[in-house]
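Undergrad: Sending over a structure as structure tokens; questions will come in a sec.
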Amino acid sequence: DDQYRVRENASREIWKIGEPALEALQQTAAGPDPEQAYRAHELIRKIQLHVTPDTDPAVIALVERYAKASPNERIGLFDQMRKRRAWRQILKLYAAETNPEIQSRLMRTVEGLAVVAARERLLAGDAPGAREFLEMAPADAQGLLALADFHRGQGTLDAELNRAKTL
């Protein structure tokens, strides 16, 4: 649309749709229109990091600062996100980190975080949410054991082990 406000409102409405809009956004991001591609890339990043229009604005600001931050600043940003209980964003940013040195330094902040987040979801009666957090955990011994414990407690361990054999 020619009007900036209409484009902004459309972006916000697409953002609200979330994951179901990802395929269309990826097509738009690869398209010829520079503004549409830019907006699509921004929305894809937000959606993939579980940043929604309802996310605490302070968390959104921390996530946005992360991409341009130095290694030392990234550690500080993780600490700030942890204080705000931005579990999904921390786990997603950690998984997307491509620098092994930074990932190693961030490990202290991420260690055990998925288990804490999963416990919170279980206490709220949200087993699927707990599973999601445990599946986002780093694939280390602690994370895998916590996921196995979860499946044992849910009565789904045998089914998951059988599924894993087929992968």
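The values are calculated or read from the model by the stated rules, or taken from the named source; none is laboratory data. Here the structure is a predicted model, which means the values were calculated and not measured. Note: ideal-geometry Cβ built from the backbone for every residue, glycine included; neighbour counts use all protein chains shown. Only protein heavy atoms, including side chains, enter the accessible area calculation; ligands, DNA and RNA are left aside. Shrake-Rupley method; radii C 1.70, N 1.55, O 1.52, S 1.80 Å.
Undergrad: What is the distance, in nm, between label points placed 7 Å from the Cα along the Cα-to-Cβ direction at A69 and at K165?
TA: Result: 4.4 nm between the two label points.
Undergrad: Rounded to the nearest 20 debye, what is the charge dipole size of the range 97-167 about its Cα centre when +1 sits on each Lys and Arg Cβ and -1 on each Asp and Glu Cβ?
TA: It comes to approximately 120 debye.
Undergrad: Select from N99, Y66, W87 the residue farthest towards the positive end of the dipole of the range 55-167; place +1 on Cβ of Lys and Arg, -1 on Cβ of Asp and Glu, and compute about the Cα centre.
TA: Y66
Undergrad: Further, regarding this structure: Using the alpha carbons of the range 8-167, what is the convex hull volume per residue in cubic angstrom, as a whole number?
TA: Hull volume normalised by residue count: 147 Å³.
Undergrad: Something else about it: Using the Karplus curve 6.51 cos²θ - 1.76 cosθ + 1.60 with θ = phi - 60°, what ³J(HN,Hα) values do you get for each residue of the range 73-85, in whole Hz, with x for Gly and Pro?
TA: For the range 73-85, the Karplus-derived couplings read 5, 4, 4, x, 5, 4, 4, 5, 5, 4, 4, 9, 6 Hz, x marking Gly and Pro.
Undergrad: Calculate, for the chain, the solvent-accessible area per residue in square angstrom, rolling a 1.4 angstrom probe over the heavy atoms of the protein chains.
TA: So the chain comes to 63 Å² accessible per residue, rounded to a whole number.
Undergrad: Report the extension gain between Q3 and I17 in nm, rounded to one decimal, defined as 0.36 nm multiplied by the number of residues separating them, less their alpha carbon distance.
TA: The Q3-I17 span can extend by a further 2.9 nm.
Undergrad: Report the Stokes-Einstein translational diffusion coefficient (µm² s⁻¹, integer) for the range 117-167, Rh taken as the Kirkwood radius over Cα pairs, at 25 °C with viscosity 0.890 mPa s.
TA: Diffusion coefficient, whole number: 220 µm²/s.
Undergrad: Give me the accessible area of L122, 1.4 Å probe, in Å² rounded to the nearest 10.
TA: Estimated to the nearest 10 Å², L122 gives 80 Å².
Undergrad: Keeping all protein chains in place and using 1.4 angstrom, which order do H41, H151 fall into by accessible surface area, from largest down?
TA: H41, H151
Undergrad: If I ignore ligands, DNA and RNA and count only protein heavy atoms, how much of R45 is accessible to a 1.4 Å probe, in Å² to the nearest 10?
TA: Accessible surface of R45 is approximately 90 Å².
Undergrad: Rounded to two decimals, what is the ratio between the C-alpha radius of gyration of the range 1-87 and 2.2 N^0.38 Å?
TA: Rounded to two decimals, the normalised Rg is 1.20.
Undergrad: Continuing with this model, one more query. Give, rounded to the nearest 20 debye, the magnitude of the charge dipole that the range 1-113 has about its Cα centre when Lys and Arg contribute +1 at Cβ and Asp and Glu contribute -1 at Cβ.
TA: With only Lys, Arg, Asp and Glu charged at Cβ, the dipole is about 560 debye.
Undergrad: Step through the residues of the range 149-154 one at a time and calculate ³J(HN,Hα) from phi using the Karplus curve (6.51 cos²θ - 1.76 cosθ + 1.60, θ = phi - 60°), rounding each to whole Hz and writing x for Gly and Pro.
TA: Coupling constants for the range 149-154: 4, 4, 5, 4, x, 8 Hz.
Undergrad: Given points 7 Å out from each Cα along the Cα-Cβ axis, report the H41 to A127 separation in nanometres with one decimal.
TA: 4.3
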